[in-house]
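What follows is one structure encoded as structure tokens, with my remarks underneath.
Each value in this text was obtained by applying a stated rule to the coordinates, not by laboratory testing. Bear in mind the structure is a predicted one, so any value in this text is a computation, not a measurement. For neighbour counting, all protein chains shown are included, and Cβ atoms are generated from backbone atoms with ideal geometry for every residue, glycine included.
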Amino acid sequence: MTQTHRAHDDATAEMFQKDPSLAADYLNDVLATGDEVDLMMALRYLSTAFGGVQEIARRADANPNTMYRTLSEQGNPSLKTLRAILSSMGLRLAVQPITAGEA
């Protein structure tokens, strides 16, 4: 019998891979509504969608052990590392003004 459904995480990972703007929207929402721990959890979740921590480390030209620590709940990546992580996912940092309702 063929499987007619997939795990939610698998389907979500495929959506992020096919549409990096969806991943960007997800991170932007986390940045707007969450804290640093939420951001690290989101980056860790996205790293699985983009091949796992080992693959992100390879693409970012970083040590895999360091990348695991960086993407941990206690991780505190430097701006350089954050840019490398995002770049390996086909994303980049951007700055937007805060609208009146968001402040």
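Between Ser21 and Gln54, what is the spin-label point distance in nm, taking each point 7 Å from the Cα along the Cα→C-beta axis? According to this spin-label approximation, the distance is 3.4 nm.
Across the stretch 94-99, coupling constants 3J(HN,Hα) worked out from phi with the 6.51/-1.76/1.60 Karplus curve, θ = phi - 60°, read 8, 10, 10, x, 7, 7 Hz, and Gly and Pro carry x.
From the list (i) 1.10; (ii) 1.15; (iii) 2.00, can you say which value of Cα Rg over 2.2 N^0.38 Å was derived from the structure given? So the calculated entry is the one marked (ii).
The magnitude of the dipole of the stretch 13-73, with charges of +1 and -1 set on the Cβ of Lys/Arg and Asp/Glu and taken from the Cα centre, is near 320 debye.
Summarising the label geometry, the points placed 7 Å from Cα in the beta-carbon direction at Ile98 and Asn76 lie 2.2 nm from one another.
Where does the longest stretch of the chain lie that holds no GluC sites (Glu not before Pro) found in a DSSP loop with 15 or fewer other Cβ atoms within 10 Å? It would help to have the intermediate numbers written out before the result.
Numbers: sites that count: Glu73, Glu102.
The longest such stretch corresponds to 1-72.
Computed 3J(HN,Hα) for the stretch 36-51, one whole-Hz value per residue from the Karplus formula 6.51 cos²θ - 1.76 cosθ + 1.60 where θ = phi - 60°, is 4, 5, 4, 4, 5, 5, 5, 5, 5, 4, 5, 4, 5, 5, 9, x, glycine and proline marked x.
Show that you can apply the helix-only estimate: for the chain, add -39,500 (n - 2.57) for every DSSP H stretch of four or more residues, divide by all residues, and state [θ] at 222 nm to the nearest 500. Intermediate results must be reported in sequence, preceding the final value.
Values: 6 runs with 63 residues, N = 103.
One gets -18000 deg cm²/dmol as the mean residue ellipticity at 222 nm.
Karplus-based coupling profile of the stretch 25-34, in residue order and whole Hz: 4, 4, 5, 4, 5, 4, 5, 6, 10, x, with θ = phi - 60° in 6.51 cos²θ - 1.76 cosθ + 1.60 and x standing for Gly or Pro.
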